[in-house]
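This report refers to the structure that appears directly beneath it.
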Amino acid sequence: MTWKRFPGVILAGAAVLLAGACDGGGATPGISPRQMADALHTVLETDRTVYTRLIVNRLAVEEKAIEASEHWKDDKALLLPAQMFRAGATMVREKNAGFSYALLSMWPVNKQNKPRTEVEKIGLQYVVDNPGKNYYAEETLGDTTYFTAVYPDIAVAQACIQCHNEHKDSPRRDFKMGEIMGGVIIRISL
C-alpha cells in the first residue's frame with residue numbers, strides 16, 4: 001500500500017493535525033491561522049486539479065467515455081469539479097472541524113456560489129486584480145470571529161472553460177486557460 005492510493009485519508013489526517021495545531025487554547029505553540037489556511041488550500045487545490053484534469057477532462061472531454069453533468073445522478077454522469085468540491089465542503093461542515101471552505105465566483109453559473117459577505121466580495125475582487133496573490137482578513141459572522149482567506153481559482157483544464165463558456169446560465173462566456181474564474185474561500189474559527 002502506498003500513500004498515493006489514499007489522498008482522501010491524507011487530506012483528512014492533515015486537516016485534523018492542522019486543526020489541532022491551530023488550537024489557541026493550549027500552551028503549546030502551533031501554526032498560525034494563515035499557515036493552516038495556506039496548507040488546507042494547497043491540498044484542496046491539488047485534489048481539485050487532479051479530479052478536473054485526470055478524471056473529468058480526460059474522460060469527458062478528451063476520450064468522451066462518459067459525460068460530466070450538473071445533473072449527474074439523473075444522467076449517470078460524472079460530478080462537475082465544482083460539485084465535487086461542494087460535496088467535500090458540505091461533509092467538512094457537518095463534522096464541525098473548526099474550518100470551512102467554499103468555491104465562489106463573481107460570475108457564478110449557480111447563483112448560490114456568489115459572494116455574500118463583504119470580505120468575500122473584496123477578496124474575490126482582490127485575487128482578480130492581483131494575480132498570484134491571496135487575500136486574508138478577519139470577519140465576524142454572528143457571534144464568531146473567523147480568519148478568512150481567499151485564493152484564486154484558476155481554469156486548469158479545457159473542461160472548465162468549455163462548461164463555463166457554454167452554460168446557459170453563465171454570466172461570462174470568455175474564460176481562457178489559466179484565467180481566474182473565482183476563488184476558494186477558507187474560514188477558520190478563531
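Values computed for the structure shown
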read-out: Filtered residues of the range 99-144 (kept if among the charged types (D, E, K, R), under 23 Å from D174 (Cα atoms) and in a loop (DSSP other than H, G, I, E, B)); value: K114, K133
read-out: Members of the range 27-79 that are farther than 21 Å from V184 by Cα and basic (K, R); value: R58, K64, K73, K76
read-out: Filter result (more than 23 Å from M36 (Cβ to Cβ) and at pLDDT 95 or above) within the range 124-135; value: Q125, V128, D129
read-out: In the range 99-123, residue surrounded by the fewest Cβ atoms within 10 Å (Cβ to Cβ) [restricted to those that are of a type in the set (D, E, K, R) and either closer than 17 Å to E70 by Cβ or at pLDDT below 95 (or both)]; value: K111
read-out: Selection within the range 68-77 - out of contact with any helix residue (DSSP H, G or I) (no Cβ under 6 Å at 6 or more places or on another chain) and surrounded by 15 or more Cβ atoms within 10 Å (Cβ to Cβ); value: E70, W72, A77
read-out: Unmet requirement for R173, which otherwise passes all of (1) among the basic types (K, R); (2) out of contact with any helix residue (DSSP H, G or I) (no Cβ under 6 Å at 6 or more places or on another chain); (3) outside any strand (DSSP E or B); value: (2)
read-out: Which numbered condition A89 fails, given (1) closer than 30 Å to K168 by Cα; (2) crowded, with 16+ Cβ neighbours inside 10 Å; (3) at pLDDT below 95; value: (3)
read-out: Every residue from the range 145-166 that is loosely packed, with under 14 Cβ neighbours inside 10 Å and either among the basic types (K, R) or outside any strand (DSSP E or B) (or both); value: E166
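The values are calculated or read from the model by the stated rules, or taken from the named source; none is laboratory data. Please read all numbers here as calculations on a predicted model, not as lab measurements. Here Cβ is always computed from backbone atoms with ideal geometry, including for glycine, and neighbour counts include all displayed protein chains.
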